[in-house]
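For reference, the structure is listed below as structure tokens.
Read-outs throughout are calculated quantities, based only on the coordinates presented, and are distinct from any laboratory measurement. Owing to the predicted nature of the structure, the values given are computational and were not obtained by experimental measurement. Methodologically, a virtual Cβ is constructed for each residue, glycine included, from the backbone with ideal geometry; neighbour enumeration extends over all protein chains shown.
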Amino acid sequence: MPPRIIESDEFDDDDWQLDSDEFDGAPQNDDATMPCPYCRRDIPEDTPRCPYCENYLSEEDAPPQRKPWWILAGIIVCLYIVYRWMAG
């Protein structure tokens, strides 16, 4: 079927005007962004971790931290001393 040719009297200038709801002058972007608190690059709001600096954005999303090795070594040494004292 060939395309329909519109006669000039079939439409008026009002057909070319956009409603204010259709266009507000700014581009419509569905992806909301925010600056990363560490590196200040724009990142998506719903991401748990920055894709650039790889820091977690909240304490809840971050994995639990490991204890420093010297604390664990100190606990083992203290338990050994108590064991030797009790065993006599």
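Here are a few things to note about the model shown:
- Distance in nm between pseudo-label sites at residue 73 and residue 56 (7 Å out along the Cβ direction from Cα): 2.7
- Region 30-88: trypsin sites (Lys or Arg not before Pro) in DSSP loop, at most 13 other beta carbons within 10 Å: 40, 41, 66
- Selected from 76, 33, 64, residue furthest toward positive end of dipole (region 29-78; charges at beta carbon): 76
- Taking other Cβ atoms within 10 Å as a rough exposure proxy, 54, 59 sort from fewest to most as 59, 54.
- Gained length - residue 87 relative to residue 39, 0.36 nm times residue gap less alpha-carbon distance: 11.7 nm
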